[in-house]
Amino acid sequence: MNSKHTFTWFILAVLLLAFIVGYRFFERSQAVEPLEMLSNLRPLAVTGVQVSPRDTAEICVVNTNGGWFLTQPVAYPAQVSAIESLLTALQKLKPVVRIGSAEISQNHSEFGFNSPWASLVIQSGDERREILVGNKTPPGDGVYVQVVGRDGVFITDIDWLKYIPQTANDWRDTSLAGDTTGCDSIVLTNGTKIIELRRDAASHLWKMIHPLTARANGDYIADALQKLQTAHVSQFITDNPNADMSAFGLQPANLDLWFDQGSNVLTSVHVGKASTNDSTEVFAKRDRWNTVLTTPAQPLSSWMGAVNDFRDPYLLELTAPVAEIEMIGPGTNHFILRRQAANAWTIPGQTFPVDADSVQSLIQMLAGLRVSEFVKDVATPTDLAAHGLATPSRQIILRSAGGDTNAVIAQLLFGAARTNEVFVQRSDENSVYAISPEDFGGLPAGPVWQFRERRLWNFAEGDIAEIAVHQNGKTLEVLHNGPNKWSLAPGSQGIINPQGLEYLAHDLGDLAVGSSAAWAARGVANPANYGLKPGNLSLTVTLKNRDTTTVDFGLQLGQTALAAVTLDGERWVFIFPPDLYLLIMSYLPVSPNVP
């Protein structure tokens, strides 16, 4: 055969093959323009979904009143996220191939639409879309899909098939109570107790309405609500509306919970006895639905609490910043702490500066006072007298505005003390409480001057010119010549440690009466009562500007001693800080052998 003819026939065969392949590809798989199967589908506009899996009961959900609900094969709240996942997947679904009508008629059985794997009906108001899901493609990585009313058959990937439910349980809401966010009213019964709680719209604080009017434990309620939100369905037991509820301990229930927002019922839950198969699980059901289910018992344990568990365990809750504190008693000890600025306080009638940290500590202490016992829920005059509250021994009044007697946040009245408790009443309540003696003992009971500013002075070690120590007629004087440079003054004898003295000087410049060493006395009339005698240890600091400060030491107290200073012309006694006292003893000793 002529080689030239052979080559020509080969070229013709190649061209014919290319034409056949191209034609078949063009006919069978027209490029998807960018083609979208459901381009106008808007998940937020969908009002209903019907899914009919092969050989399984039809599953129907509807979107009503802002929520999804199953209507077939059972009525029950639906799992919103699962439905939205399917709708989103459909909206984004892009076919890989579209097969033309001619080939559909020739190979109809190949696609599996006579008995589809699943059919879906998407309802958006009056608009209805029906989707048939047929067989998988021979390689198994694609699936035939038909949109009823549209020409052709689509081939898509198979990833989105996982969102199609196979049973109603795939789309059931598995939360026990649903959404309780925004509830402002809770009614619960557990055993013989009926408890009603309500949240104030202005303060957002919870209050007990029944069986008594009382402040409620907001932290306890918030924790119980949070745990309830985590509670889930372990198993759906039965949907039979004629099931014997008493067999599950649900008629009557061991626990009933109703959650309202305004006049709207958000949800309600009924809890029965423990499951016979697992003692950590209990039977339960949601109101308005026939379904009995099991759920873990632990997230519900808080709701089984006693009445007092739902009451506020603290004597007060600060609903506004404290601007004024009035302290009354004991005796004639009556004074007012009044806020002047963000962290500045004064005491009307007093000229000394007030220690802001001490006031803040008092406020925190009052806010932390815990009730150790709910003594009387409704106290009569006889009860008040019996508990020392007819004539309180002490009162503390907190106000949100200085000088405004009507701006009371809380008023605490303290009565009699027993071995293990001290009785207390709030002026706006008719209950009697008890607190521990330790908490009561931490409250300031002394005179007004205990709130004096605790910092005695404030200067840097570089400001010091000299330090002199006097004891029993002997003197040790050291001069400050610069950082870490100290020397004995003329006439003084001894051995000095410059670095130790620098450290001592630093702490002296920041001397303050510590929280554990409050003021002991003001205006000392009899110094000997505090061990302040001539010849005792005395320390004088002279600054470079020639100002001087002197501390006189008195009665020894273990590792420290009482000390006295003169401030604003008055003598003040306090407990000297032990660490600084040890530095003085170590680095400024007055030898008895010095002439």
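The values are calculated or read from the model by the stated rules, or taken from the named source; none is laboratory data. Because the structure is a prediction, the values reported are computed rather than measured. With ideal geometry, Cβ positions are generated from the backbone for all residues, glycine too; neighbour counts draw on all protein chains shown. Keep in mind that these areas ignore ligands, DNA and RNA; they rest on the heavy atoms of the full protein, side chains included. Shrake-Rupley method; radii C 1.70, N 1.55, O 1.52, S 1.80 Å.
Net charge near LEU197: determine it from the other residues with C-beta under 12 Å of the C-beta of LEU197, scoring Lys and Arg +1 and Asp and Glu -1.
-1
In straight-distance terms, cross-link reach from LYS207 covers every one of the lysines whose alpha-carbon lies under 24 Å from its own, apart from those fewer than eight places away in the same chain; here that gives LYS193, LYS227, LYS376. Here's the list of lysines a cross-link from LYS273 could span, going by alpha-carbon distance under 16 Å and ignoring same-chain residues fewer than 8 apart: LYS285.
As a calculated quantity, the FRET efficiency between ARG42 and ASP278 at R0 = 51 Å, using C-beta atoms, amounts to about 0.70. State which helices in the chain qualify, where a helix is a whole DSSP H run, it must extend 24 Å or more along its own axis by its Cα atoms, and its mean Kyte-Doolittle hydropathy must be at least 0.0. Span-like helices, by this rule, are 3-28.
Relative contact order of region 492-595: 30 percent, from C-alpha pairs under 8 Å at least 6 residues apart in sequence.
What is the magnitude of the charge dipole of region 282-381 about its Cα centre, with +1 placed on the Cβ of each Lys and Arg, -1 on the Cβ of each Asp and Glu, and no other charges, expressed in debye to the nearest 20?
Dipole about the Cα centre, nearest 20: 440 debye.
Of the trypsin sites (Lys or Arg not before Pro) in region 255-341, the ones in a loop by DSSP (not H, G, I, E or B) with at most 11 other beta carbons within 10 Å are ARG288. Segment GLN226..ALA201, full-extension length gain: 7.0 nm, with 0.36 nm per residue of separation and the alpha-carbon distance subtracted. Among the trypsin sites (Lys or Arg not before Pro) within region 380-423, those in coil by DSSP and having at most 14 neighbouring Cβ atoms inside 10 Å are ARG418.
Here the dipole of region 322-447 is about 180 debye; that uses its Cα centre as origin and unit charges on the Cβ of Lys and Arg (positive) and Asp and Glu (negative). Relative to the current alpha-carbon distance between ASP55 and ASP287, full extension at 0.36 nm per residue lengthens the span by 80.4 nm. The mean sequence distance of close C-alpha pairs (under 8 Å, at least 6 residues apart), as a share of the length of the chain, puts its relative contact order at 7 percent. The mean accessible area for residues of the chain, using a 1.4 Å probe and ignoring ligands and nucleic acids, is 51 Å² per residue.
For the pair HIS334 and ASP219, a Förster radius of 41 Å applied to the C-beta separation gives a FRET efficiency near 0.75, rounded to the nearest 0.05. Remark: relative contact order (region 300-375) = 31 percent; criterion is Cα-Cα distance under 8 angstrom and separation of 6 or more residues. Considering only ASN254, ALA222, ASN277, the residue lying farthest towards the positive end of the dipole of the chain is ALA222, judged by Cα position with unit charges set on Cβ. Annotation: extensible slack from VAL74 through ASN481 equals 137.3 nm (criterion: 0.36 nm per residue apart, minus Cα-Cα distance).
Charges were assigned to the Cβ only: +1 to each Lys and Arg, -1 to each Asp and Glu. The resulting dipole of the chain about its Cα centre is roughly 400 debye. For LYS92, the lysines whose Cα falls under 24 Å of its own Cα, not counting residues fewer than eight places away in the same chain, are LYS136, LYS162.
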